[in-house]
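The values are calculated or read from the model by the stated rules, or taken from the named source; none is laboratory data. Note that the structure is predicted; figures quoted are calculated from it, not measured. Positions of Cβ are backbone-derived with ideal geometry, glycine not excepted, and every protein chain shown enters the neighbour counts.
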Amino acid sequence: MDTKKTLDSRSDDLVAVVDFLKWLNSCDESGIQQMEQPFPGVRLLPTLSDLFALAQDEAGWMLTMHADEAPWLAHLPLHSAYLGFGDGLTLLTQPVELLGETLPQTAIEIFVPELALLDLLASQRLLGFGHGRGEREAMVVTRVNRVIPLYTKARYEEARRTAVTPSATRMFAR
């Protein structure tokens, strides 16, 4: 990839992160908490959970928000999603590097109010994202962003165990 394309891509990532931060700033403070565990970032409390919905199309399940509410969702540099590490769904961004400076990975924990929804998500291995348009009862959802891996605690631990480097394997082999 040439330098201009890389710079364009990284600047788009940075703009999406800034748009997300602006959106957070527009929310009531009682709906947001800083968190350090399991990943450093922000926890969106139950008062904000109504802004999110799940939708399904032929490609799978999507976390959706109204397009006017969250344009940042279409471009946020998301890396992976996690269940069972808090009170809902945790999204993890990729670090954003631009002009020698790096914004670290940031976690966004979204409270999921229904155990049935958590169970439904736990059966999925991938999560997509969507923008909705129209009223909630008749919302039309369009896929945005990319599909990312969705880990439960068990799948996360399994992935960590299988990501052992060959040198570590030799070191512990008998």
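Taking segment 105-129 as the range and being in contact (Cβ under 8 Å) with a residue 24 or more places away in the chain and more than 12 Å from the chain's Cα centre (by Cα) as the test, the residues that pass are PHE111, VAL112, PRO113, LEU117, LEU118, LEU120, LEU121, ALA122, GLN124, ARG125.
Across segment 112-128, which residue is farthest from ALA74 (Cα to Cα) among those that are out of contact with any helix residue (DSSP H, G or I) (no Cβ under 8 Å at 6 or more places or on another chain) and part of a strand (DSSP E or B)?
First, the residues of segment 112-128 that are out of contact with any helix residue (DSSP H, G or I) (no Cβ under 8 Å at 6 or more places or on another chain): 114-124, 126, 128.
The next check asks that each one be part of a strand (DSSP E or B); those that pass are 126, 128.
Details: LEU126: 17, GLY128: 10 Å.
My answer is LEU126.
When SER80 is tested against (1) surrounded by fewer than 20 Cβ atoms within 10 Å (Cβ to Cβ); (2) farther than 15 Å from ARG146 by Cα; (3) not aliphatic (A, V, I, L, M), exactly one condition is not met: (2).
Picking from SER11, SER30, which residue would you name as being assigned to a helix (DSSP H, G or I), among the polar types (S, T, N, Q), over 23 Å from THR142 (Cα atoms) and touching a helix residue (DSSP H, G or I) at 6+ places or on another chain (Cβ under 8 Å)? Walk me through it before giving the result.
Working: SER11 fails: touching a helix residue (DSSP H, G or I) at 6+ places or on another chain (Cβ under 8 Å).
On inspection, the qualifying residue turns out to be SER30.
Scanning segment 143-159 for residues that are aromatic (Phe, Trp, Tyr) and either loosely packed, with under 11 Cβ neighbours inside 10 Å or over 26 Å from PRO71 (Cα atoms) (or both) gives a single hit, TYR156. Among the conditions (1) within 18 Å of the chain's Cα centre (by Cα); (2) over 20 Å from LEU44 (Cβ atoms); (3) exposed (fewer than 14 other Cβ atoms within 10 Å of the Cβ), the only one that THR162 does not satisfy is (1).
One residue stands out among those in segment 123-142 that are surrounded by fewer than 16 Cβ atoms within 10 Å (Cβ to Cβ) and hydrophobic (A, V, I, L, M, F, W, C): the one that is modelled with the highest pLDDT, which is LEU126.
Sort out which residues of segment 16-50 are closer than 17 Å to ALA70 by Cβ and modelled with pLDDT under 85, and write them in order of number. Correct list: ASP28 only.
Tell me, which residue of segment 64-107 that is in contact with a Gly (Cβ under 6 Å, 6 or more places away or on another chain) and part of a strand (DSSP E or B) is nearest to ASP13 (Cα to Cα)? Among those residues, the one meeting the criterion is ALA107. Close contacts from segment 18-31, counting a first residue that is under 13 Å from ILE108 (Cα atoms) and a second that is in a helix (DSSP H, G or I) and of a type in the set (Phe, Trp, Tyr), with Cβ to Cβ under 9 Å and a gap of 6+ residues or different chains, come to PHE20/TRP72; LEU21/TRP72; TRP23/TRP72.
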